[in-house]
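Each remark here refers to the structure printed beneath this line.
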Amino acid sequence: MKTQVAIIGAGPAGLLLGHLLRAEGIDCIIVERQSPDYVLGRIRAGVLERTTTDFLDRLGINERLHSEGLKEAGFALADGERLIRIDTLGLTGKYVTVYGQTEVTRDLMDAAPERGLEIIYEAADVALHDVESDNPYLTFEKGGKVNRIDTQFIAGCDGYHGPSRKVIPARVAKEYERVYPFGWLGILADVPPCHEELIYANHERGFALASMRSKTRSRYYIDVPLTEKVEDWSDERLWDELSIRLGPEAAANITRGPAIEKSIAPLRSYVFEPMGHGRLFLAGDAAHIVPPTGAKGLNLAASDVAYLSDALTGFFKHGDNDAIAGYSAKALARVWKAERFSWSLTKLMHRFPDDGSFERQMQMAELDYIASSTAAQTSIAENYVGLPL
């Protein structure tokens, strides 16, 4: 096989890149090691920045997004007693949309055949070759034989554990990481949300988040030590803890129900530099991880794809090498700002094991300042809805 761009990974980043390139008449093939059902079985993020929804609008893959997505004009920070509302629409003129990452993936998958976007699922042992040359290629195994795709560029949208990042030589690579000493224990349930907007809560017992996927499906989290096990948390115990941490106003409106899904996700901040080497470019989790505080993961992948699709389009349509050469630096400038926001919100809303009474008072003072400062609320709102591309 031969194509202009070979994309590894059929998650939202790879699918979105493929659709943007096909819309510009650029040939591409996506290879994915898992089956479609497996990809759609991943329970992930659910808050989309305006920049992300704008791409879906531009592609015309937005019917379910607008019929089922919930437009949110703000969110709340809680300090155990009160809700501090951040009016994102009033402060920035922008809203975010609650629409699950699984649904975004489904929409992009369903639109692929009619738009000529080829996706090869269950491609085993994907390997990258000659990425430092002008003629890179991929190999993979499917149907009992080894297949090859010759291409001009490779886009690694294959997540943290994928093969793409690993072929960038150690001599040019830098890695930055912060592993957090807790995970998020989450429950998904078919119950109405306890509040019309998301609530991030800082309680003396720990962090909690009240979120939703729809008007009838809710997603809740608490932070727990990494030593905790899901099986030690019955539904009832988790609902009890959420009611305490979210505070009395939210707790009064919690509807309890059986878990559809329950899991513990570890938290980390991670950045890999550079995001490109030779004819290989990284996007999304292949290059960076953010803690889920602030909902930046999927949205940051979308901004990577925006820069990369523009750079590749410029190359194929106008012979522009500058955008290709500048992709990594441009993407990383926004990545680090998103990392800063996610890290700072994580620090503000969680109790760290080494924190004492002083650190607790600093958190309370910061939340009190945010409650009374339009400037502080504006800064948070600007980052939450997404910084400009």
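Among the residues of segment 11-29, the ones that are under 30 Å from Thr293 (Cβ atoms) and not in a loop (DSSP other than H, G, I, E, B) come to 9 in all.
Which one is least open to solvent (accessible area, probe 1.4 Å) among residues in segment 30-53 that are part of a helix (DSSP H, G or I) and charged (D, E, K, R)? The selected residue is Arg50.
For segment 54-71, does any single residue satisfy the condition of being touching a residue at least 60 places away in the same chain (Cβ under 8 Å), assigned to a helix (DSSP H, G or I) and either over 20 Å from Pro12 (Cβ atoms) or not acidic (Asp, Glu) (or both)? Among the residues of segment 54-71, at least one is touching a residue at least 60 places away in the same chain (Cβ under 8 Å), assigned to a helix (DSSP H, G or I) and either over 20 Å from Pro12 (Cβ atoms) or not acidic (Asp, Glu) (or both), which makes the answer yes. With respect to the stated conditions, Phe315 is assigned to a helix (DSSP H, G or I) and more than 24 Å from Leu70 (Cβ to Cβ). Exactly one residue out of Ile289, Ile260, Ile254 is among the β-branched types (Val, Ile, Thr) and open to solvent by 40 Å² or more (accessible area, probe 1.4 Å), and it is Ile260. Tyr270 - would you say it is farther than 18 Å from Ile7 by Cβ and touching a residue at least 60 places away in the same chain (Cβ under 8 Å)? Yes. When segment 165-194 is filtered for residues that are in a loop (DSSP other than H, G, I, E, B), open to solvent by 50 Å² or more (accessible area, probe 1.4 Å) and in contact (Cβ under 8 Å) with a residue 40 or more places away in the chain, the ones remaining, listed by number, are Val172, Asp190, Pro192. Taken as a whole, the condition of being in a loop (DSSP other than H, G, I, E, B), open to solvent by 20 Å² or more (accessible area, probe 1.4 Å) and more than 26 Å from Ala73 (Cβ to Cβ) applies to Asp320. Considering only residues that are open to solvent by less than 20 Å² (accessible area, probe 1.4 Å) and part of a strand (DSSP E or B), look in segment 211-241 and name the one that is farthest from Gly100 (Cα to Cα). Ranking the candidates gives Val224 first. Considered as a group, the residues in segment 73-96 that are at pLDDT 95 or above and of a type in the set (Ser, Thr, Tyr) include one that is farthest from the chain's Cα centre (by Cα), and that residue is Thr92. Between Ser269, Ser234, Ser211, the distinction of being over 23 Å from Ala338 (Cα atoms) and polar (S, T, N, Q) belongs to Ser234 only.
Would you confirm whether or not segment 242-254 contains a residue that is in contact with a strand residue (DSSP E or B) (Cβ under 6 Å, 6 or more places away or on another chain), at pLDDT below 95 and part of a strand (DSSP E or B)? Within segment 242-254, not a single residue is in contact with a strand residue (DSSP E or B) (Cβ under 6 Å, 6 or more places away or on another chain), at pLDDT below 95 and part of a strand (DSSP E or B). The listed residues are Leu59, Leu70, Leu65, Leu21, and the only one of them that is farther than 16 Å from Arg213 by Cβ and either within 20 Å of the chain's Cα centre (by Cα) or open to solvent by 10 Å² or more (accessible area, probe 1.4 Å) (or both) turns out to be Leu59. Can you find even one residue in segment 263-284 that is over 18 Å from the mean Cα position of the chain (by Cα) and among the basic types (Lys, Arg)? Yes, some residue in segment 263-284 is over 18 Å from the mean Cα position of the chain (by Cα) and among the basic types (Lys, Arg).
The values are calculated or read from the model by the stated rules, or taken from the named source; none is laboratory data. All of these numbers come straight from a predicted model, not from anything done at the bench. Cβ coordinates were reconstructed from backbone atoms using ideal geometry, including for glycine residues, and neighbour counts include every protein chain displayed. Just so you know, the surface numbers come from the protein's heavy atoms only, side chains and all, with ligands and any DNA or RNA stripped out. Shrake-Rupley method; radii C 1.70, N 1.55, O 1.52, S 1.80 Å.
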